[in-house]
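Trainee: There's a structure below that I have some questions on.
Any read-out appearing in this document is the output of simple, stated calculations on the displayed coordinates, not a laboratory observation. Here the structure is a predicted model, which means the values were calculated and not measured.
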Amino acid sequence: MSLNLERLNWMPSPPLVPEDSAIDVQHLGRMTLGEAALEAEVLALFSAQSGELVTRLKAIPPDAAALAHTLKGSARAIGAFRVAEAALDVEAAMKNNGDIAAAITLLQQTVEEAQATIGRMLNRS
């Protein structure tokens, strides 16, 4: 059986992570079933929690890898994929004796970017 690919109407796939936003709003919408109140609630919780976790991580406590893992999961749940990737980098730095301070600095920057985006999103609603 031979496929004639020229007859297929190809549709480009959307990017997994939109490059222009710190929050993937489509992912967030799927995770919250499109409920605006729930979206606002989880965004506010993430914004507060992520700031607290970064503050704790700066001291590089013994449980830093676990804190980064927690932040990674929360970030993925709301579509903050850059934060999740940076948290994964902190976990890797902890496990591989990498540059933990640099990884935490990058994580802080991505969290601040996500918090700013969340602030704008919450002010619109």
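Trainee: Stretch ALA116-ALA48 to full length: gain in nm at 0.36 nm per residue minus the Cα-Cα span?
Mentor: Gain on stretching ALA116 to ALA48: 23.3 nm.
Trainee: Next question. For ALA80, which sequence-distant residues (separation of 5 or more, or a different chain) have an amide H within less than 5 Å of its own amide H, given hydrogens modelled in the peptide plane?
Mentor: ASP24
Trainee: Sticking with this structure for a sec: Work out from phi, with θ = phi - 60° and the Karplus expression 6.51 cos²θ - 1.76 cosθ + 1.60, the ³J(HN,Hα) of each residue of segment 115-122, listed in order in whole Hz, and give x for Gly and Pro.
Mentor: 4, 5, 5, 4, x, 5, 5, 6
Trainee: Which whole-Hz couplings ³J(HN,Hα) result when phi for each residue of segment 98-114 is put into the Karplus expression 6.51 cos²θ - 1.76 cosθ + 1.60, θ = phi - 60°, listed in order with x for Gly and Pro?
Mentor: These are the phi-based 3J(HN,Hα) values: x, 7, 5, 4, 5, 5, 5, 4, 5, 4, 4, 5, 5, 5, 4, 4, 5 Hz.
Trainee: Taking only the Cα atoms of segment 22-124, how large is their convex hull per residue, in Å³?
Mentor: It is 75 Å³ per residue.
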